[in-house]
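One structure below.
The values are calculated or read from the model by the stated rules, or taken from the named source; none is laboratory data. Here the structure is a predicted model, which is why all the values come from computation and not from measurement. In this analysis, Cβ positions are derived from the backbone assuming ideal geometry, glycine residues included, and neighbour counts consider all displayed protein chains.
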Amino acid sequence: MGWKGVLGFDYGVVQAPLGPDISGPELAAAVANAGAIGLLRLPDWPAPDHVRELIRRTRSLTEKPFGAAIVLAFPHEENLRVVLEEKLALLQVYWGEFPKERVDEAHRAGVKVLHQLVTLRRQQKLRKLV
């Protein structure tokens with residue numbers, strides 16, 4: 001089945017969330033329109049109104065599913081709340097803990113979670129939690 005079937009995208013290509021100033025609505029929408037996984041890189045500070053505007057701007061540029069990326073090492077709770085309220089197709093998280101309870105919360109909102117791992121050790125630790 002691969003990523004296409006599991007995540008609902010045409011291609012299993014994930015756009016890297018390069019930074020809030022680069023991975024904005026235009027790039028995420030262009031990637032989504034091409035059938036891949038477009039990601040908004042959300043700010044590293046609480047900015048729920050700004051996040052909601054980014055999501056809505058992206059939706060005005062594409063009818064395809066897209067997601068958002070959050071760096072867990074920075075304050076992210078308010079931005080995460082907006083992602084779940086807006087029911088994005090995908091949430092990518094990295095550089096921090098995202099426990100099973102948070103994954104379950106995202107799934108209840110209809111949001112799939114992609115946890116980016118930087119080391120094999122981290123992946124093995126995560127596997128024990130799931």
Of the numbered conditions (1) modelled with pLDDT of 95 or more; (2) part of a helix (DSSP H, G or I), LEU88 fails exactly one; give the number of that condition. (2)
Answer yes if at least one residue in segment 62-76 is closer than 18 Å to GLN116 by Cβ, surrounded by 15 or more Cβ atoms within 10 Å (Cβ to Cβ) and hydroxyl-bearing (Ser, Thr, Tyr), and no otherwise. no
Determine the pairs where a residue that is closer than 11 Å to PHE66 by Cα and touching a residue at least 12 places away in the same chain (Cβ under 8 Å), located within segment 21-48, has a partner that is among the aliphatic types (A, V, I, L, M) and assigned to a loop (DSSP other than H, G, I, E, B) with Cβ atoms under 6 Å apart, the partner being 6 or more residues away or on another chain. ALA36/VAL13
Please determine whether any residue of segment 15-29 is at pLDDT 90 or above, assigned to a strand (DSSP E or B) and surrounded by 14 or more Cβ atoms within 10 Å (Cβ to Cβ). no
